[in-house]
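Engineer: First, the structure itself, so that you have it in front of you.
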Amino acid sequence: MPPGYVMDEMEMYEIGCLMPFLYLATKDSWEQARFMGYISAQTHSTRKMSVSDIVSFPWEEGAKSHDTAMTNEDKRRLEMKAKQLEKQMNHERKG
């Protein structure tokens with residue numbers, strides 16, 4: 001987001017909406033620093049390590065606890081959508 005907009009044009013209510021996502025501005029830097037620490041530590045260790053052994057971040061905690069397995073209901077719903085899309089595409093191709 002351009003600094004000029006933030007300093008001169010942004011309304012107070014907009015700032016409140018952005019605050020929960022402020023960590024995203026430096027997330028890449030934190031990931032890079034952790035990876036460099038991992039490389040350094042792994043080269044001096046005989047034990048097999050993972051990147052999260054160095055430091056774990058709050059944004060990873062939610063990803064670990066979130067179940068991403070597809071249920072049978074999800075599969076049926078997606079199959080139905082795929083069939084509908086296929087019919088629509090076939091109809092458009094013929095017409």
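The values are calculated or read from the model by the stated rules, or taken from the named source; none is laboratory data. Keep in mind that this is a model prediction, so the values were computed, not measured. Positions of Cβ are generated from backbone atoms using ideal geometry, with glycine treated the same way; all protein chains shown enter the neighbour counts.
Engineer: Hey, can you tell me all the residues within region 61-95 that are among the polar types (S, T, N, Q), modelled with pLDDT of 80 or more and either in a helix (DSSP H, G or I) or surrounded by 10 or more Cβ atoms within 10 Å (Cβ to Cβ) (or both)?
Structural biologist: Asn72, Gln84, Gln88, Asn90
Engineer: Only one of these is touching a Gly at 6+ places or on another chain (Cβ under 7 Å) and surrounded by 10 or more Cβ atoms within 10 Å (Cβ to Cβ): Ile15, Ile39, Ile54. Name it.
Structural biologist: Of Ile15, Ile39, Ile54, the one residue that is touching a Gly at 6+ places or on another chain (Cβ under 7 Å) and surrounded by 10 or more Cβ atoms within 10 Å (Cβ to Cβ) is Ile54.
Engineer: Another question, then. Can you pull out every residue in region 1-35 that is closer than 23 Å to Phe57 by Cβ, part of a loop (DSSP other than H, G, I, E, B) and modelled with pLDDT of 85 or more?
Structural biologist: Thr26
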